[in-house]
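Structure first, then comments.
The values are calculated or read from the model by the stated rules, or taken from the named source; none is laboratory data. Because the structure is a prediction, the values reported are computed rather than measured. FYI the Cβ positions are ideal-geometry reconstructions off the backbone, even for glycines, and counts take in every protein chain you see.
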Amino acid sequence: MDTHQTDKHHSGMNSKNIIVLTLFILGSFLSGYFGPWWAPAAYLVLVSALLKLSVRQAMVAGGISLGVVYLGESILMNSMDEADMISKTGLLLGGLSPAMMIMVTTLIGGMTGLLSGWIGSVIGNLTNKK
């Protein structure tokens with residue numbers, strides 16, 4: 001095996017990963033914006049299954065994409081919060097600051113995306129074996 005073949009599998013982000021990540025981010029954002037709260041997770045499950053992504057690729061792309069979407073949305077909502085609801089909710093949760101609320105929201109989004117990608121990949125691989 002020459003060096004080119006070995007480097008091909010260890011090259012970090014290749015074009016397929018970038019396309020999958022972009023597809024996940026755009027689809028998660030649009031499905032969450034126009035659909036119910038659970039739509040981004042369902043979108044990630046569906047696309048991961050249809051693309052038959054590997055478990056690792058689906059989990060990483062799902063976690064990053066939904067984490068980024070939740071981060072952006074929580075920053076936007078925090079900047080538009082004229083009624084101070086986010087800081088009041090943080091007080092109810094033990095005195096969390098708005099910045100901590102953004103971090104918690106991002107963490108929840110990342111974990112949800114990670115699990116959604118994993119489930120979609122498993123479903124895609126199960127349907128592939130039949």
*Taking residue 99 as meeting all but one of (1) surrounded by 15 or more Cβ atoms within 10 Å (Cβ to Cβ); (2) assigned to a helix (DSSP H, G or I); (3) over 19 Å from the mean Cα position of the chain (by Cα); (4) aliphatic (A, V, I, L, M), write down the number of the exception.*
(1)
*Can you tell me which residue within the stretch 53-110, out of those that are modelled with pLDDT under 90 and among the charged types (D, E, K, R), is nearest to residue 20 (Cα to Cα)?*
81
_Go through (1) exposed (fewer than 13 other Cβ atoms within 10 Å of the Cβ); (2) of a type in the set (A, V, I, L, M); (3) outside any helix (DSSP H, G or I) for residue 126 and report which single condition fails._
(3)
*Just one of the numbered conditions (1) surrounded by 13 or more Cβ atoms within 10 Å (Cβ to Cβ); (2) assigned to a loop (DSSP other than H, G, I, E, B); (3) of a type outside the set (D, E, K, R) is not true of residue 63; which one?*
(2)
*So, in the stretch 18-48, of the ones that are among the small types (Gly, Ala, Ser) and surrounded by 21 or more Cβ atoms within 10 Å (Cβ to Cβ), which residue ends up nearest to residue 124 (Cα to Cα)?*
48
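So is residue 114 free of Cβ contacts under 8 Å to residues at least 60 places away in the same chain, surrounded by fewer than 13 Cβ atoms within 10 Å (Cβ to Cβ) and assigned to a helix (DSSP H, G or I) or not? Outline the logic, then answer.
On the way: free of Cβ contacts under 8 Å to residues at least 60 places away in the same chain: yes; surrounded by fewer than 13 Cβ atoms within 10 Å (Cβ to Cβ): no; assigned to a helix (DSSP H, G or I): yes.
Criteria not met by residue 114.
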*Select, from 121, 87, the only residue that is assigned to a helix (DSSP H, G or I), of a type in the set (Gly, Ala, Ser), out of contact with any His (no Cβ under 6 Å at 6 or more places or on another chain) and buried (at least 21 other Cβ atoms within 10 Å of the Cβ).*
121
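Filtering the stretch 69-84 down to residues that are farther than 14 Å from residue 44 by Cβ and in contact with a Phe, Trp or Tyr (Cβ under 9 Å, 6 or more places away or on another chain), which residue is surrounded by the most Cβ atoms within 10 Å (Cβ to Cβ)?
Of the stretch 69-84, the ones farther than 14 Å from residue 44 by Cβ are 71-84.
When the remaining residues are screened for being in contact with a Phe, Trp or Tyr (Cβ under 9 Å, 6 or more places away or on another chain), the result is 72-73.
Values: 72: 14, 73: 19.
Filtering the stretch 69-84 for residues that are farther than 14 Å from residue 44 by Cβ and in contact with a Phe, Trp or Tyr (Cβ under 9 Å, 6 or more places away or on another chain), the one surrounded by the most Cβ atoms within 10 Å (Cβ to Cβ) comes out as 73.
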